[in-house]
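Here's the structure we're looking at; comments come further down.
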Amino acid sequence: MGNNTMVGGYTQYLTRVQGMPPNAVKSIKKKTDNFVFAKHGERKANTIAIATLYKEKDKGGLSLQDIEAKNEAIDAMRVRTYTLPPPLRPVWCKLADRMLAKAAVKKYRNVGEKALINPFLQGWKVNLSAAGLPRNLKRMMKVGYKYHTRPTPTGATKKIMEQMPIWYHTGAKPKLVSIYGDSWGVCQREIHGIMYVGEMIEHTERLSAPGCSLRKNCKCNNCKTDRARGCENPTKCRRNAIKKLDNISPEWDPRKTTPKEAVEDD
Ligand SMILES: [Zn+2]
Ligand SMILES: [Zn+2]
């Protein structure tokens, strides 16, 4: 069995499944070093640096596999799978969502765990040393952060913009127009169950529903329903929702897309 089969073949399948522990990387590197230089377990200096051997044969190397680079590539693949659109995501991604939310850095938990939907779609951060966060997810996040994985608004349709999580939006302005943790923010999340940009827009659109008096005791259906659920003042709550939407920078704001784009999207 060639060394590359050993280093790169058998180990990669398992790494894809569970992530390679640091001790295994160290052990494989040591075995590789021992095998390539025929040291038979002896400790002696290498005549050629191991980094040279990773190079291709025509560049003076042996095309030896760089196990760390390969592991990083596997973690990057995991990031790619994790960030696939919802219908294409395998089941493990849903479990990962919950485990990552539980490992969120404390200051981001003011919106509640449920609103922490995806650390790559939103601006909240995962505590990489959180107890209980599986090693493979730690590695995935580490690589994701290393390469600044985040969605870009370029080419995003109105529909995609509406499907983005509203809380800790990736395109939030550096200084928020309206904070997330105020009483309206709590009402929007807990009473109205608003998690996505599109849902927040629907909330604001009830301000212009026919028959709404915009008064605290308005008798229109929307206001009655919202008050019955526990919203103290639906009109104020909806007006605040406009401010929450104003937290999003214009390139991510579906209210600001041109009519042409909006038509193409439907
Ligand atoms: Zn009303
Ligand atoms: Zn409300």
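Of the residues making up the stretch 98-134, those that are outside any helix (DSSP H, G or I) and open to solvent by 80 Å² or more (accessible area, probe 1.4 Å) are Lys125, Ser129, Ala131. Assess whether Gly185 counts as being at pLDDT 95 or above and open to solvent by less than 60 Å² (accessible area, probe 1.4 Å). The answer is yes for Gly185.
Which of the residues that make up the stretch 135-159 are polar (S, T, N, Q), closer than 17 Å to Asp75 by Cβ and in a loop (DSSP other than H, G, I, E, B)?
Matches in the stretch 135-159: Thr149 only.
Listed by position, the helices (runs of 4 or more DSSP H) contained in the stretch 160-266 that have at least 3 residues being away from ligand 2 (no atom under 11 Å from the Cβ) and among the aliphatic types (A, V, I, L, M) are 197-205.
Of the residues in the stretch 82-97, how many are in contact (Cβ under 8 Å) with a residue 12 or more places away in the chain and exposed (fewer than 15 other Cβ atoms within 10 Å of the Cβ)? Outline the logic, then answer.
So in the stretch 82-97, the residues in contact (Cβ under 8 Å) with a residue 12 or more places away in the chain come out as 82-83, 93, 96-97.
Then keep just the ones that are exposed (fewer than 15 other Cβ atoms within 10 Å of the Cβ); that gives none.
Qualifying residue count, the stretch 82-97: 0.
Run down Met195, Met164, Met200 and say which single residue is away from ligand 1 (no atom under 16 Å from the Cβ) and either touching a Gly at 6+ places or on another chain (Cβ under 9 Å) or acidic (Asp, Glu) (or both). Going through Met195, Met164, Met200 in turn, the sole match is Met164.
Yes or no: Thr170 free of Cβ contacts under 8 Å to residues at least 40 places away in the same chain, under 22 Å from Gln122 (Cβ atoms), open to solvent by 10 Å² or more (accessible area, probe 1.4 Å) and under 21 Å from the mean Cα position of the chain (by Cα)? For Thr170, the condition - free of Cβ contacts under 8 Å to residues at least 40 places away in the same chain, under 22 Å from Gln122 (Cβ atoms), open to solvent by 10 Å² or more (accessible area, probe 1.4 Å) and under 21 Å from the mean Cα position of the chain (by Cα) - is not met.
The values are calculated or read from the model by the stated rules, or taken from the named source; none is laboratory data. Every value quoted in this text rests on a predicted model; they were computed, and no experiment measured them. When we count neighbours, we look across all protein chains shown, and the Cβ atoms used for this are built from the backbone with ideal geometry, even at glycine. Only protein heavy atoms, including side chains, enter the accessible area calculation; ligands, DNA and RNA are left aside. Shrake-Rupley method; radii C 1.70, N 1.55, O 1.52, S 1.80 Å.
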